[in-house]
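K.L.:
This is the structure I want to talk about, given as structure tokens.
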Amino acid sequence: MARNPGEGRTIAGVKLCWCPPGKFMMGSPPGEPERRPGEDQVEVTLSRGFWAGKYEVTQGDWKRVIGKLPGELTAELPGGDDYPVGNVNFAEAEDFCRKLTELARKSGELPEGWEFRLPTEAQWEYACRAGTTAATSFGDKLSSKQANFRGKPYNGAEKGPSPGKAAKVGSYPANPWGLHDMHGNTFEWCRDWYHTTLPGGDDPDLSSAKATAARNRDGSYSRSRRGGAWDDDGMFCRTAFRVRFEPERRYDHIGFRVVAVRR
């Protein structure tokens, strides 16, 4: 069992970093620049630690576990084993987690009682914060030297390069727990149904709470996604930023990251 935040291990070819149990304030304070509705702070306790993917799931990971890529490559989503997988819908991302779990159990690498999943919103934000309390894990500003986004820096940060497309995972600095691209590169699916307010309390998991989820204008429901992407401004890469997306849809700037959790 891991003891230190960010401690690493590899399971079934996927590099992971340890996120210890703990308590944190989820969401953004009223004074955070560019904050959005639905970010009001709540206190969350995560009673169990978990392993988070050091990188977004790559095309190489996908081909090794599933086979054919889930959607087409684009000019903004180049092909390559070190690039994030994109054009993946929610069900396909969950299927990857199930098959990765099967592979890891078969190889004996995954401890008894553990499985791979998409993160809940609380797990995702906790891992992104990595013990920090500012607007991003790098502080209250975000430069495009620190994350892959469209180029308009957040809150007066220094402007850096803006490739306008996905970058190879790990091309930008890691957060304090060793996790890369929690800000920018691709949006990441979360397990929860999207609610207008954040879940607080102990180990919140809204993956089955469709009945209380926010309805879209057409009456449908959405899952949550986090992290911002290469085609967004820096403000959308803030730790607390959250947005909905219908689970059956796919887009080249939406991928995911796995977590390994105890059931």
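K.L.:
Calculate the all-directions average of the projected area of the stretch 197-241's alpha-carbon convex hull, and give it in nm².
P.N.:
Orientation-averaged projected area of the Cα hull: 4.5 nm².
K.L.:
So for the pair ASP218, ARG9, with labels modelled 7 Å out along Cα→Cβ, what separation do we get in nm?
P.N.:
4.4
K.L.:
How big is the Kirkwood radius of the stretch 102-206, worked out from every pair of different alpha carbons and given in Å to one decimal?
P.N.:
Averaging 1/r across every pair of different Cα atoms and inverting gives 15.8 Å.
K.L.:
Give the peptides 122-131, 192-201 in descending order of average Cβ contacts within 10 Å, highest first.
P.N.:
Result, highest mean first: 122-131, 192-201.
K.L.:
To the nearest 10 square angstrom, what accessible area does LYS210 show with a 1.4 Å probe?
P.N.:
90
K.L.:
Summing +1 for each Lys or Arg and -1 for each Asp or Glu, what net charge is found among the other residues whose Cβ lies under 12 Å from the Cβ of SER220?
P.N.:
For residues surrounding SER220, the net value is +3.
K.L.:
Could you tell me the accessible area of ARG242 in Å² (1.4 Å probe, neighbours in place), rounded to the nearest ten?
P.N.:
10
K.L.:
Continuing with this model, one more query. Mind scanning LYS54/LYS145; LYS15/LYS210; LYS23/LYS159; LYS23/LYS99; LYS15/LYS106 and naming the pairs with a C-alpha gap bigger than 23 Å?
P.N.:
LYS15/LYS210; LYS23/LYS159; LYS23/LYS99
K.L.:
At q = 0.19, 0.30 Å⁻¹, work out log10 I(q)/I(0) for the stretch 1-61 with the Debye formula, treating every Cα as an identical point scatterer and leaving solvent out; two decimals please.
P.N.:
-0.83, -1.13
K.L.:
Round to a whole number: what % of the accessible area of the chain belongs to carbon and sulfur, probe 1.4 Å?
P.N.:
The computed percentage sits at 47.
K.L.:
Let me ask you something else. How large is the accessible surface per residue of the stretch 48-193, computed with a 1.4 Å probe and reported in Å² as a whole number?
P.N.:
39
K.L.:
If a/c stays under 1.5 just call it rounded; otherwise compare a/b with b/c (prolate if a/b is bigger, oblate if not). Do that for the stretch 16-164, with a ≥ b ≥ c from the square roots of the Cα gyration tensor eigenvalues.
P.N.:
Note, shape of the stretch 16-164 comes out oblate.
K.L.:
Now a separate question. Note down the net charge around ALA157, summing +1 for each Lys or Arg and -1 for each Asp or Glu among other residues with Cβ under 14 Å from its Cβ.
P.N.:
+2
K.L.:
Within 12 Å, Cβ to Cβ, of LYS168, how many net charges do the neighbouring residues add up to if Lys/Arg are +1 and Asp/Glu are -1?
P.N.:
Charge balance in the 12 Å sphere: -3.
K.L.:
Give me the orientation-averaged projected area of the Cα convex hull of the chain, in nm², one decimal.
P.N.:
Value for the chain: 12.8 nm².
K.L.:
Can you report the principal axis dimensions of the stretch 224-263 using only the alpha carbons, biggest first, rounded to whole angstrom?
P.N.:
Principal extents (Cα only, largest first): 36, 24, 15 Å.
The values are calculated or read from the model by the stated rules, or taken from the named source; none is laboratory data. No experiment lies behind these values; they were computed from the predicted model shown. As a convention, Cβ positions derive from the backbone with ideal geometry for all residues, glycine included, and neighbour counts pool all protein chains shown. Areas reflect the complete protein model, heavy atoms only, side chains present, ligands, DNA and RNA absent. Shrake-Rupley method; radii C 1.70, N 1.55, O 1.52, S 1.80 Å.
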